[in-house]
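Working notes, beginning with the structure itself.
The values are calculated or read from the model by the stated rules, or taken from the named source; none is laboratory data. Note that this is a predicted model, so its numbers are computed, not measured. Every residue, glycine as well, gets a Cβ built from its backbone with ideal geometry; the counts of neighbours run over all protein chains shown. Protein only, heavy atoms only, side chains kept; ligands, DNA and RNA dropped before computing areas. Shrake-Rupley method; radii C 1.70, N 1.55, O 1.52, S 1.80 Å.
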Amino acid sequence: MTRLALLVPGGRGQLGSDLAALADRVGLLHAPGSAELDVTDVGAVDDAVSSFALAARDAGLKPVLVNASAHTAVDAAEGEPERAYAINATGAGQLAKAAVANGVPMLHVSTDYVFPGDGTRPYEPGDPTGPKSVYGKSKLAGEQEVLGAGEQTWVIRTAWVYGATGGNFVKTMARLEGQRETLSVVDDQRGSPTWSADLAAGLLELASAVVGDNAPSQRVLHGTNAGKPLCWESVTVF
Ligand SMILES: NC(=O)c1ccc[n+]([C@@H]2O[C@H](COP(=O)([O-])OP(=O)(O)OC[C@H]3O[C@@H](n4cnc5c(N)ncnc54)[C@H](OP(=O)(O)O)[C@@H]3O)[C@@H](O)[C@H]2O)c1
């Protein structure tokens, strides 16, 4: 595997923590949380990306930025759209601009929420988008910012992420199981729960590919567990 350096904004989240845990598989890994790198701070983003690129190249490593930062509180985003857009759209776009300016390929993680969710089969990358929530709209705007920043940027849509760090549906169910006799849960949604450590490992493979000879020509990819360790074919959510 090519010797990589990874910069992972959002490094304290579910996915970010699992990416940070891959440090021994790369030459350099910097996974700042929001207190260390706030993606809404343009100057801080520019400084962080340029100093990371310099440190990587000084060490003879190929730098890649993997954006794991996001405003992921779907319900809260409805009441604070400015903040959701600042992080998910403008912040992602600023990271992409800085990455492109420094010749650093970028992998940007996005979501099934860019789709309307009323399909009858798993979504494919080229399917029409149509987000219904502020979260989904802000993430779609982020995709457009990232893809528009340059050609060495990729969007990876995933779904129903659960990991060892942070809160998620699986942990909530496990906790409530010990507290309640019965549970009410929506039964009109289908999706592919995706273990964030698998997603992190897949993103590492993709990072190797984009700095080598195997960069995918398609710049929007779907990756979920979908019954196998990681599937890059479709987001199994409809
Ligand atoms: N969770 C899901 O079910 C799911 C499904 C599909 C797609 N995704 C996407 O997958 C990616 C990772 O999600 P996740 O589940 O790992 O989310 P998460 O656990 O909520 O982590 C997101 C991280 O973003 C960071 N962040 C928030 N505001 C920031 C800011 N202004 N500057 C820098 N960092 C900031 C937070 O950092 P601090 O903790 O340090 O404040 C948080 O740790 C996101 O792009 C998300 O949209 C998630």
Worksheet, complete the sentence: Between the modelled labels at Asp24 and Thr120 (7 Å from Cα along Cα→Cβ) the distance in nm is 5.0 nm
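Summing -39500 (n - 2.57) over the DSSP H runs of n ≥ 4 in the chain and dividing by its residue number, what mean residue ellipticity at 222 nm do you reach, to the nearest 500 deg cm²/dmol?
Helices in the chain give a 222 nm mean residue ellipticity of -11000 deg cm²/dmol.
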Worksheet item: Rounded to the nearest whole Å², what accessible area per residue is found for the chain with the 1.4 Å probe?
Response: 47 Å²
Response to the item:
Quotient of Cα radius of gyration and Kirkwood radius for segment 77-127, i.e. Rg/Rh, equals 1.08
Worksheet entry | Orientation-averaged projected area, Cα convex hull of segment 103-238 (nm²) | 9.4 nm²
Response to the item:
Output ordering of 95-101, 42-48 (per-residue mean of other Cβ within 10 Å, highest first) is 95-101, 42-48
Worksheet entry | segment 29-46-segment 157-212 distance, computed between alpha-carbon centres (Å) | 25 Å
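Compute the relative contact order of the chain as a whole-number percentage, counting only Cα pairs closer than 8 Å that sit 6 or more residues apart in sequence.
Computed over the chain, the figure is 22 percent.
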Worksheet item: What does a probe at Lys171 reach in segment 187-219, counting residues whose amide N is under 17 Å from the point 7 Å along Cα→Cβ?
Response: 194-200
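On the protein heavy atoms, probe 1.4 angstrom, tell me the percent of accessible surface of segment 100-224 carried by carbon and sulfur.
49 percent
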Fill in: Stokes-Einstein translational diffusion, segment 158-224 - Kirkwood Rh over all Cα pairs, 0.692 mPa s, 37 °C, in µm²/s
226 µm²/s
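Scale the Cα Rg of the chain by the rule-of-thumb value 2.2 N^0.38 Å and send over the ratio, two decimals.
0.98
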Worksheet item: Under 26 Å Cα-Cα from Lys62, which lysines qualify once same-chain neighbours fewer than 8 residues away are excluded?
Response: Lys97
Discussion item. Counting pairwise Cα distances across segment 44-168, what percent come out greater than 23 angstrom?
Written reply: 35 percent
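Over segment 100-238, what is the relative contact order in percent, taking alpha-carbon pairs closer than 8 angstrom and at least six residues apart?
33 percent
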Worksheet, complete the sentence: The equivalent-ellipsoid semi-axes of segment 1-84, taken as the square roots of five times the Cα gyration tensor eigenvalues and listed largest first in whole Å, are 26, 15, 8
Worksheet entry | Net charge over other residues, Cβ less than 10 angstrom from the Cβ of Ser133 (K, R count +1; D, E count -1) | +1
Worksheet, complete the sentence: Given the candidates Trp232, Thr158, Val211, the one whose Cα lies deepest towards the positive end of the charge dipole of segment 143-238, counting +1 at each Lys or Arg C-beta and -1 at each Asp or Glu C-beta, is Thr158
Item to complete: Kindly work out what percent of the DSSP beta bridges joining two residues of the chain are antiparallel, to the nearest 5.
Response: 10 percent
